[in-house]
Amino acid sequence: MNSMRVDQHPVLGNMGQRQKLKFVFEGKQFTAYKGDTIASALLASGVRTLRRHEDKGTPKGIYCNIGHCFECRVRVNGQNSVRACLTPVENNMIIESNVSRTMTSRGGKV
Amino acid sequence: MIDLAIVGAGPAGLSAAISAAENGLKVTIIDEFVKPGGRLLGQLHEEPDGKWVNGITEAEKLFKRAIQLGVIIKCGVSVYDLVQLDSGWCLYTTGSSIKAKSLLLATGASETAIPIPGWTLPGVMSVGAAQVMGNVHRVKPGENGMIIGVNVLSVAIARELQLCGVNIKGIILPQPSLIFGNASNPEKNMESLLRLAHLAPSPLIRFGGKLVNPKLGARLYPKNGFKMWGIPIQLRKAAIEILGDNQVDGVRIADITATGEIVPGTEKVVPVDFVCIAGGLTPLSELAAVAGCSFRHIPQLGGHIPLHNERMQTNLKGLYVAGNITGVESAKVAMAQGKVAGLSIAAQRKTSSNRMDNQIQEAIENVKETRRKALIQFQPGIEDARSQLYHTFNEYSEAKVSI
Amino acid sequence: MSEDQTVICRCEEVTIQEIKETVKQYHCSAREIKLRTRAGMGPCGGRTCRCMIDKIVEQLGGPSVSNEVSLSYRPPVRPVSFGVLGGQ
C-alpha cells in the first residue's frame, strides 16, 4: 500500500481487500492489485514514463487514459501497440517498452 | 444476425439496450474500456440539497438491468471498421465480427486538447484522465496539480480530485495564443463561470453570479482568483509553459489583463507534479464518418455532429446515434436519448404500432425536460441548435425522397 | 521553450512552427498539412490533433471549418495486428 492509492474515500468508500498481482515492466518487478490497468499500477508505483518517442526520444506517459490517444502504448507478453490504460494487469505479465533503450535527455537524437 | 449492436456501454448505450431489450430485441454492446459505464463511471458530484450522485452506482444500476434483460456486453473490445450490408450492418472488432439489423453508435466524446509548451511531458494529462485515474482506478494522478482551462469539467473534477486527497493549486487559463481563441479570454470565461455560479459553495459567489456583467466581472476579477472549495479559479493569470525534464515539476504562469494580454514582469513558477488540460469535449464520431454519415459543424454541440433527427435516426438506414456523439451534454440527457434510440429501433421491427409512437414521443419530451431541469447548462443555445439540426435532417430527407 | 516549438501532433511530434511554415508555403488545407507534415498520420489517427490543425489552418487564413470532416477517417480506426485481420 502506498500513498498514491486512494484506498479510503469520503464518498466512494474503502477499497477493501484485493488480490495482489506481480508483473514486470522494463525488467523490473512491480506489484499491482486485481482491477488495476497497467497504467494505474505503474502510476501507483510512481512510474510516469511509459515509453519514449520513436524518433525524438522524448519521454511519454498517459494523456487521455481512455484509449483514444495511444501515447501509453507498450508491448505486452510479446504483443505490440497495447494501450496500457485499457489493459488490466494479469499475474506475471511481461511488459516492455523502449524507455531504457533510447537516450535519457529531452530532445535530440540517439 | 442479432437485432441491435451498440458501440459504447456508457449511459446512452446502456439505456438504449434496456429499451430495445424490453421490447424483445436481441442486443449486444461493445466497449473498449475495461468495464461498462463509460464516462459516467468517473462522475461524482454533490447536488444543492447535499445528496451525492455517484456515477459508479448509477452505471451499476443500468448494467444490472441490461444483463437481467439478456443484453450481451463485451468490454475490452475495439471496433476498427464497419460496413453496411443489404439487411443491416457488420462490425469488425478486435474480438469477433458482429452482424446486426440495426446499429447504434453511442461512442461519446473525446477531450479537446489545448497545446501548451511542455504539454507532452509525463504528468500532463487531460482533465478526464485525472478523473478516471482518481475515481475509477482509485490512484491519485499526483500530489499537487494545476488545471489549465476554466469550464464545467475543470471545476467539477478539481473538486473530485480534492476528495481523492489531491492538492489542486489552482484552475487557470491557457496562455493567449492564436489557436486558443476564447479559451484564453477572461471575458468569455467569465460568461461561462457565471453559468456555474449557482453551484458555488459560497453564497457570495452564488449571489454575485446573478448580478455580474461578464465584461465588468472580468475587469474586477480579483488578482488572486475566486476560491471554490479552497481552490483558486484564476481568470487573471495564464499558464505560459509546463516545466520539467523527464516529467512535470512546475508551471510558469503570468498575470493577464481583462482582455487576455500578458502583463510583462509578472511571471513566476508554481511547483506541481501533474497538470490537467481542460479544453472541453468533442463528439467522437469517427465510426459515423467511416459509415458514410453526413455531418454538420455545430460549435454549441461541440464540433462535427452526425446528421440525425429527434428519433436518433441518421441519414443511413438502420444507423442510429445517442449520447455525447450527438452533442455534448450531461449523462442524464445521454440516458434519455438512449431510451429514445432504443424505442425507435424497436419500433422499426414491429408493424405499425400507435403505442410505440406514443412511447417515442414521450421519450423525446423527456429528453427536453431533462435538459431544462439540468443544473448545469454546458453551453447556451443547445436546444435551439438541436432544433435546427432536426429541421436540417428533415429537409435533407425530403430532398432525397423527391429525387 | 517558445510557443512555436509546441508540439501539435503528439504521435509524430510535429510542432506549431512546422505547421505554420507549411501553411504559409503551400496555402494548404488541413488535409494537405497531414500529407506534408505527417501530422494526423500517427497511431491515434489524428483524433488528438485534428481540432488544433483545423483551428491553426483557419487562423492562418486557410479554409474555415466546414460541415465536412476535414481529415478523413480511414479504417482501421484502431491499429490491428495481421492476426486479427486474418483470423476472424
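Residues in segment A:32-48 that are surrounded by 21 or more Cβ atoms within 10 Å (Cβ to Cβ), touching a residue at least 40 places away in the same chain (Cβ under 8 Å) and assigned to a loop (DSSP other than H, G, I, E, B): A:D36 only.
This table checks each residue for (1) touching a helix residue (DSSP H, G or I) at 6+ places or on another chain (Cβ under 8 Å); (2) at pLDDT below 95; (3) over 22 Å from B:D3 (Cα atoms); (4) not aliphatic (A, V, I, L, M).
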{"site": "B:L316", "(1), (2), (3), (4)": "yes, no, no, no"}
{"site": "B:V328", "(1), (2), (3), (4)": "yes, yes, yes, no"}
{"site": "B:G338", "(1), (2), (3), (4)": "yes, no, no, yes"}
{"site": "B:S353", "(1), (2), (3), (4)": "yes, yes, no, yes"}
{"site": "B:D357", "(1), (2), (3), (4)": "yes, yes, no, yes"}
{"site": "B:I360", "(1), (2), (3), (4)": "yes, no, no, no"}
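Restricting attention to segment A:82-97 and to residues that are in contact (Cβ under 8 Å) with a residue 60 or more places away in the chain and outside any loop (DSSP other than H, G, I, E, B), the residue that is farthest from A:G27 (Cα to Cα) turns out to be A:M93.
Conditions tested, residue by residue: (1) facing chain B (nearest Cβ under 10 Å); (2) closer than 30 Å to B:L44 by Cβ.
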position: A:G27; (1), (2): no, no
position: A:T37; (1), (2): yes, yes
position: A:S40; (1), (2): yes, yes
position: A:L43; (1), (2): yes, yes
position: A:V47; (1), (2): yes, yes
position: A:F70; (1), (2): no, yes
position: A:S100; (1), (2): no, no
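Among the residues that make up segment B:72-85, is at least one of them within 19 Å of C:M52 (Cα to Cα) and either at pLDDT below 95 or of a type in the set (V, I, T) (or both)? No, segment B:72-85 has no match at all. Which members of segment B:292-305 meet the condition of being touching a Phe, Trp or Tyr at 6+ places or on another chain (Cβ under 8 Å) and farther than 12 Å from B:R386 by Cα? Within segment B:292-305, B:S294, B:H304 meet the criteria. State whether one or more residues within segment A:73-94 are surrounded by 20 or more Cβ atoms within 10 Å (Cβ to Cβ) and either within 21 Å of C:T15 (Cβ to Cβ) or in contact with a His (Cβ under 7 Å, 6 or more places away or on another chain) (or both). No, that holds for no residue.
Would you mind telling me which numbered condition in (1) on the phi > 0 side of the Ramachandran plot; (2) within 8 Å of another protein chain (Cβ to nearest Cβ); (3) surrounded by fewer than 18 Cβ atoms within 10 Å (Cβ to Cβ) A:N65 fails? That leaves (3) as the condition not met. Yes or no: segment B:44-57 includes at least one residue that is closer than 23 Å to C:T48 by Cα, within 22 Å of the chain's Cα centre (by Cα) and part of a loop (DSSP other than H, G, I, E, B). No - not one qualifying residue is present in segment B:44-57. Tell me which residues, restricted to segment C:28-71, are more than 13 Å from every other protein chain (Cβ to nearest Cβ) and at pLDDT 85 or above. Listed by number, the residues that qualify are C:E32, C:I33, C:K34, C:L35, C:R36, C:T37. Being more than 29 Å from B:A113 (Cα to Cα) and touching a residue at least 40 places away in the same chain (Cβ under 8 Å), is that true of even one residue in segment A:50-61? There is no residue in segment A:50-61 that is more than 29 Å from B:A113 (Cα to Cα) and touching a residue at least 40 places away in the same chain (Cβ under 8 Å).
Taken over segment C:2-12, the criterion of being over 11 Å from the mean Cα position of the chain (by Cα) and surrounded by 21 or more Cβ atoms within 10 Å (Cβ to Cβ) is satisfied by C:T6, C:V7.
Restrict the check to segment B:86-104 and report whether at least one residue is over 16 Å from B:M1 (Cα atoms) and facing chain A (nearest Cβ under 7 Å). Checked against the condition, which is being over 16 Å from B:M1 (Cα atoms) and facing chain A (nearest Cβ under 7 Å), segment B:86-104 yields no hits at all. Collect the residues in segment B:289-307 that are under 19 Å from B:D81 (Cβ atoms) and part of a loop (DSSP other than H, G, I, E, B), keeping them in residue-number order. Scanning segment B:289-307 gives B:G292, B:C293. Taken as a whole, the structure places B:S78 among residues that are out of contact with any strand residue (DSSP E or B) (no Cβ under 6 Å at 6 or more places or on another chain), on the phi < 0 side of the Ramachandran plot and within 12 Å of chain C (Cβ to nearest Cβ). Scanning segment B:257-307 for residues that are within 11 Å of chain C (Cβ to nearest Cβ) and of a type in the set (D, E, K, R) yields B:E286, B:R296.
Considering only residues that are within 11 Å of chain A (Cβ to nearest Cβ) and closer than 15 Å to B:I325 by Cβ, which ones fall in segment B:11-54? Passing the criteria: B:D31, B:E32, B:G38, B:R39.
With respect to (1) surrounded by 19 or more Cβ atoms within 10 Å (Cβ to Cβ); (2) basic (K, R); (3) more than 10 Å from the chain's Cα centre (by Cα), the lone exception for A:R18 is condition (1).
When B:L163 is tested against (1) within 22 Å of the chain's Cα centre (by Cα); (2) aliphatic (A, V, I, L, M); (3) surrounded by fewer than 24 Cβ atoms within 10 Å (Cβ to Cβ); (4) more than 14 Å from chain A (Cβ to nearest Cβ), just one condition goes unmet, and that condition is (4). Screening B:N167 against (1) in contact with a Pro (Cβ under 7 Å, 6 or more places away or on another chain); (2) free of Cβ contacts under 8 Å to residues at least 40 places away in the same chain leaves a single unmet condition, (1). Among the residues making up segment B:103-152, those that are surrounded by fewer than 24 Cβ atoms within 10 Å (Cβ to Cβ), under 19 Å from B:K227 (Cα atoms) and at pLDDT below 95 are B:N151, B:V152.
Checking C:L85, C:L71, C:L35, C:L60 one by one, the residue that is surrounded by fewer than 17 Cβ atoms within 10 Å (Cβ to Cβ) and in contact (Cβ under 8 Å) with a residue 40 or more places away in the chain is C:L60 and no other. Can you tell me which residue within segment A:49-59, out of those that are at the interface with chain B (Cβ under 7 Å from one of its Cβ atoms) and assigned to a loop (DSSP other than H, G, I, E, B), is modelled with the highest pLDDT? Among them, the one singled out is A:T49.
B:E60: more than 18 Å from A:C72 (Cα to Cα), within 14 Å of chain A (Cβ to nearest Cβ) and without any contact (Cβ under 8 Å) to a residue 24 or more places away in the chain, yes or no? Criteria met by B:E60. Among the residues of segment B:105-149, those identified as of a type in the set (S, T, Y) and either within 14 Å of A:Y63 (Cα to Cα) or away from chain A (no Cβ under 14 Å) (or both) are B:S110, B:T112, B:T120, B:S126. For segment A:39-47, the criterion of being under 12 Å from the mean Cα position of the chain (by Cα), of a type in the set (S, T, Y) and under 23 Å from B:E143 (Cβ atoms) is satisfied by at least one residue.
The values are calculated or read from the model by the stated rules, or taken from the named source; none is laboratory data. Fair warning: this is a prediction, and the values are worked out from it, not measured in the lab. All Cβ positions, even for glycine, are placed from backbone atoms using ideal geometry, and neighbour counts span all protein chains on display.
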